[in-house]
Amino acid sequence: MENEKTRAEAMREQLLYKKKNVFETMEEADVERAGEYAAGYSEYLFRAKTEREAVRISVTMLQRAGYVPYQLGDAVEPGGKYYLANRGKALFAFRIGSEDISKGVRISAAHIDSPRLDLKQHPLFEEEGMGYLKTHYYGGIRKYHWPTIPLALHGVVTKQGGETIEVNIGEDAGDPVFVITDLLPHLGKAQGAKPLDKAFAGEGLNLLIGASPLLDEDGTPVAGEDRVKLNMMRILNEKYGIVESDFMTAELCAVPAGRPVDIGLDRCMIGAYGHDDKVCAYPALTALIDSDDSAHTVICVLADKEETGSDGATGMQSALLTDLIGELCKVLGANAALTRSNSMCLSADVNAAYDPLYSEVFEKRNAAMINSGVVLSKYTGSGGKYSTNDASAEYVGKIRDMFTRDNVLWQTAELGKIDEGGGGTVAKYIANENIDTVDLGVPVLSMHAPFEVISKLDLYETYKAFLAFCK
Ligand code: MN
Ligand code: MN
């Protein structure tokens with residue numbers, strides 16, 4: 001009897017797969033290191049709410065690590081560390097390896113844009129003594145998430161003549177914040193009877209920015225219409241030197257105000273705006289910086305516009321990655337097509353963490369669990385695997401061996417039940433360039449909400465995964 005049980009146990013261990021929890025595999029020193037790493041990440045996240053801010057703080061980190069600006073066509077040398085910021089909104093950081101580049105480059109790609117409320121080009125209006133800014137949401141939001149939370153204004157305004165100024169209101173101590181109002185429950189009966197996706201309209205997401213009119217020298221409100229609007233414009237003009245027509249040449253957006261915070265009595269999670277996808281961008285970038293000894297040429301791409309389909313000059317569908325590899329090959333005397341065909345990519349994006357409160361949309365056996373490590377997704381897409389990069393068994397096998405070698409805790413997952421929905425990443429655009437690519441990332445609770453949740457230990461395993469990949 002006892003022998004049989006032992007045999008069954010041994011067979012079970014040998015033949016069956018069991019998903020592990022990171023607390024079963026991680027050493028105590030690593031848990032501590034993960035906590036420190038998470039603190040650095042939280043600071044990065046607070047300073048990188050928009051893609052422009054993410055590029056800026058990432059460039060600062062790269063410069064500190066000895067990376068220098070690069071332009072297409074520049075000479076490069078083995079061991080050299082370079083970065084190319086594309087229009088201030090996307091970033092390519094790379095280190096030239098000692099081995100022949102035509103053996104392939106290692107690419108990690110994440111995105112640094114997050115769902116938010118962009119301002120329209122004519123945003124400012126006044127209604128019954130209150131001043132508002134009209135918004136046009138960017139990316140996949142659930143509109144009901146955005147009313148009644150403190151919002152900050154971030155972005156840039158290009159003035160007549162070409163000067164571009166930075167706007168940031170709502171993040172510094174003592175700054176005012178803005179809000180989208182909602183109905184009181186006492187009058188919300190009809191609204192409450194509507195389906196969730198119909199109860200709030202895009203045109204209803206207007207930002208309340210003030211409620212006082214412009215005053216004359218004697219302290220009384222000026223005569224005429226639009227007195228509040230005029231006062232809002234006066235304040236903006238005093239602070240930033242802008243006039244109303246400058247909104248037409250601006251990129252301003254409302255994002256959730258405030259810092260990332262620890263979640264839970266055990267503080268093992270982080271709640272914040274913008275984990276998707278800075279929670280992958282940060283490990284990809286820091287792994288590049290921390291893996292100086294790699295023989296491979298490693299490129300870290302931080303892309304813009306993923307949340308709206310990766311189109312445009314700063315999105316992953318832009319020609320720049322291919323151009324960059326082409327230019328590097330040219331100056332290093334290698335064949336670019338061969339180099340791409342030998343290259344490998346980790347497309348780093350978040351995955352949906354299994355949420356027991358919403359178990360009905362998940363397929364538990366193939367869902368990402370919090371604290372079970374970095375998630376590898378062979379394919380994403382929707383329905384019959386439409387619109388996806390489906391990585392080959394051989395390539396996934398290579399990545400698996402790297403993770404095993406370096407004790408990276410990883411799991412595999414699909415995003416929800418097959419017919420429930422789905423989603424894509426930048427993976428297919430890179431794979432289309434004849435580069436082996438697979439999706440990898442951190443499980444997120446409440447993905448795309450103004451306040452998303454991740455586990456610090458999953459974040460750390462993702463960092464370890466990128467370190468293994470850079471080796
Ligand atoms: Mn994403
Ligand atoms: Mn997303």
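Numbers for the structure displayed
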{"quantity": "For ALA427: the one exception among (1) free of Cβ contacts under 8 Å to residues at least 24 places away in the same chain; (2) over 18 Å from ASP458 (Cβ atoms)", "calculated": "(1)"}
{"quantity": "Of all residues making up the range 302-348, the number that are buried (at least 23 other Cβ atoms within 10 Å of the Cβ), within 16 Å of ligand 2 (Cβ to nearest atom) and not in a loop (DSSP other than H, G, I, E, B)", "calculated": "5"}
{"quantity": "Sole exception among (1) at pLDDT below 95; (2) within 15 Å of ligand 1 (Cβ to nearest atom); (3) crowded, with 21+ Cβ neighbours inside 10 Å for SER387, by number", "calculated": "(3)"}
{"quantity": "Only one of HIS122, HIS154 that is of a type outside the set (Val, Ile, Thr), in a strand (DSSP E or B) and within 21 Å of the chain's Cα centre (by Cα)", "calculated": "HIS154"}
{"quantity": "Filter pass, THR437 being at negative phi, away from ligand 2 (no atom under 16 Å from the Cβ) and either surrounded by 24 or more Cβ atoms within 10 Å (Cβ to Cβ) or without any contact (Cβ under 8 Å) to a residue 40 or more places away in the chain (or both)", "calculated": "yes"}
{"quantity": "The range 85-130, residues that are of a type in the set (Ser, Thr, Tyr) and either within 16 Å of ligand 1 (Cβ to nearest atom) or modelled with pLDDT under 95 (or both)", "calculated": "SER108, SER114"}
{"quantity": "Qualifying position, being surrounded by fewer than 20 Cβ atoms within 10 Å (Cβ to Cβ) and out of contact with any strand residue (DSSP E or B) (no Cβ under 7 Å at 6 or more places or on another chain), among GLY174, GLY170", "calculated": "GLY174"}
{"quantity": "Every pair of residues 6+ apart whose Cβ atoms lie under 7 Å, when the first sits in the range 62-83 and is under 17 Å from ALA334 (Cβ atoms) and free of Cβ contacts under 8 Å to residues at least 40 places away in the same chain while the second is of a type in the set (Gly, Ala, Ser) and surrounded by 13 or more Cβ atoms within 10 Å (Cβ to Cβ)", "calculated": "PRO78/GLY97"}
{"quantity": "Of the criteria (1) within 16 Å of ligand 2 (Cβ to nearest atom); (2) within 27 Å of LEU117 (Cα to Cα); (3) crowded, with 22+ Cβ neighbours inside 10 Å, which one ALA413 fails", "calculated": "(2)"}
{"quantity": "Subset tally (residues that are farther than 14 Å from ALA34 by Cα, more than 16 Å from ligand 2 (Cβ to nearest atom), touching a Phe, Trp or Tyr at 6+ places or on another chain (Cβ under 9 Å) and of a type in the set (Ser, Thr, Tyr)) for the range 252-294", "calculated": "1"}
{"quantity": "Matching residues, the range 157-178, being over 18 Å from PRO115 (Cβ atoms) and part of a strand (DSSP E or B)", "calculated": "VAL157, THR158, THR164, ILE165, GLU166, VAL167, ASN168, ILE169"}
{"quantity": "Flag for ASP401 being over 29 Å from ALA313 (Cβ atoms), part of a helix (DSSP H, G or I) and either at pLDDT below 95 or within 16 Å of ligand 1 (Cβ to nearest atom) (or both)", "calculated": "no"}
{"quantity": "Top-ranked residue in the range 86-114 [being of a type outside the set (D, E, K, R) and farther than 17 Å from VAL55 by Cα; ranked as nearest to ligand 2 (Cβ to nearest atom)]", "calculated": "ILE107"}
{"quantity": "Total residues in the range 87-106, condition crowded, with 20+ Cβ neighbours inside 10 Å and within 19 Å of the chain's Cα centre (by Cα)", "calculated": "5"}
{"quantity": "Condition broken by LYS428, with the remaining ones in (1) modelled with pLDDT under 95; (2) within 16 Å of ligand 1 (Cβ to nearest atom); (3) among the basic types (Lys, Arg) satisfied", "calculated": "(1)"}
{"quantity": "Which numbered condition SER377 misses (of (1) polar (S, T, N, Q); (2) surrounded by fewer than 18 Cβ atoms within 10 Å (Cβ to Cβ); (3) touching a residue at least 40 places away in the same chain (Cβ under 8 Å))", "calculated": "(2)"}
{"quantity": "Which listed residue is surrounded by 13 or more Cβ atoms within 10 Å (Cβ to Cβ) and not in a strand (DSSP E or B), from LEU236, LEU252, LEU207, LEU265", "calculated": "LEU236"}
{"quantity": "ARG52 vs. criteria modelled with pLDDT of 95 or more and in contact with a helix residue (DSSP H, G or I) (Cβ under 9 Å, 6 or more places away or on another chain)", "calculated": "no"}
{"quantity": "The lone exception for ARG365 - which of (1) farther than 23 Å from LEU45 by Cα; (2) among the charged types (D, E, K, R); (3) within 16 Å of ligand 2 (Cβ to nearest atom) it fails", "calculated": "(3)"}
{"quantity": "Of residues in the range 360-395 being aromatic (Phe, Trp, Tyr) and not in a helix (DSSP H, G or I), the one farthest from MET26 (Cα to Cα)", "calculated": "TYR386"}
{"quantity": "Residue among LEU117, LEU196, LEU205 that is within 16 Å of ligand 2 (Cβ to nearest atom) and within 29 Å of GLY422 (Cα to Cα)", "calculated": "LEU117"}
{"quantity": "Qualifying residue in the range 431-439 (condition: in the same structural domain as LYS49 (by TED's automatic domain parsing), over 26 Å from THR297 (Cα atoms) and within 15 Å of ligand 1 (Cβ to nearest atom))", "calculated": "no"}
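The values are calculated or read from the model by the stated rules, or taken from the named source; none is laboratory data. In this text the structure is predicted, and so the values were computed from the model without any measurement. Don't worry about glycine lacking a Cβ; one is built from the backbone with ideal geometry, like all the others, and counts go over all protein chains shown.
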